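The values are calculated or read from the model by the stated rules, or taken from the named source; none is laboratory data. The structure presented is a predicted model; accordingly, all values stated were derived computationally and were not measured. Here Cβ is always computed from backbone atoms with ideal geometry, including for glycine, and neighbour counts include all displayed protein chains. These area figures cover heavy atoms from the full protein model, side chains too; ligands, DNA and RNA do not enter into them. Shrake-Rupley method; radii C 1.70, N 1.55, O 1.52, S 1.80 Å.
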Amino acid sequence: MLPFETVVATHGPVVLRVCRAVVGPVDADDAWSETFLAALRAYPDLPEDANVQAWLVTIAHRKAVDVHRAAARRPVPTDSVPDVATMVPDENHALWSAVAALPDTQRLAVAYHHIGGLPHAVVAALLGNSTTAARRACADGIATLRRTTTRSELL
């Protein structure tokens, strides 16, 4: 079994992109950290033949649900304007804005399949729908991204 540091170095960027797509840039780092803390605890029991990336993306999905639940319980200040999240300077604002604008099911399907590399059957299980519905949500999300962004915005 690979050292856990190698797992983080290998799969960390993919998990971070999934977290950004699912929870947004403000909470992505926290979700990423929580994902790898949970993974560190469970890693010794992971079977040798396990798909590590799929396992990590599944954990990230669960941590994203936790982030959404926590955000729903947090009070929202009304007497001041909330701070606007800033992305890392080298990030592609147009692409992440376009992904964030997708309907939830499409955004999650695109994140889990195209960014996280999960097969449609696993995406369907995470989203609680059929493989066909997950495949359709992915296709619709990608079609919307192609329609709403230009190549020059993405470079």
Cα gyration tensor category, rounded, prolate or oblate, for the chain with a/c compared to 1.5: oblate
Checking 18, 122, 57 against a Gaussian network model of the chain (alpha-carbon springs below 10 Å), the top fluctuating residue turns out to be 122
In a Gaussian network model of the chain with springs linking alpha carbons closer than 10 Å, the residue among 71, 100, 134 that fluctuates most is 71
Which of 108, 118, 126 ends up with the largest GNM mean-square fluctuation for the chain, with Cα atoms connected below 10 Å? 126
Between the residues 119, 25, 148, the Cα farthest towards the positive end of the dipole of the chain, that dipole coming from +1 and -1 charges on the beta-carbon of Lys, Arg, Asp and Glu, is from 148
Can you pull the percent of the chain's accessible area that's carbon plus sulfur, 1.4 Å probe, other chains left in place? 57
Quick one: compute the contact order of the chain, relative version, from alpha carbon pairs under 8 angstrom and 6+ residues apart, as a percent. 26
Among 51, 105, 38 the positive-end extreme of the charge dipole of the chain (Cβ point charges): 105
Answer in debye to the nearest 20: the dipole magnitude of the chain about its Cα centre, from +1 Lys/Arg and -1 Asp/Glu charges placed on Cβ, is 600
Given H placed 1.01 Å from N in the peptide plane, which residues other than close sequence neighbours of residue 102 have an amide H under 5 Å from its amide H? none
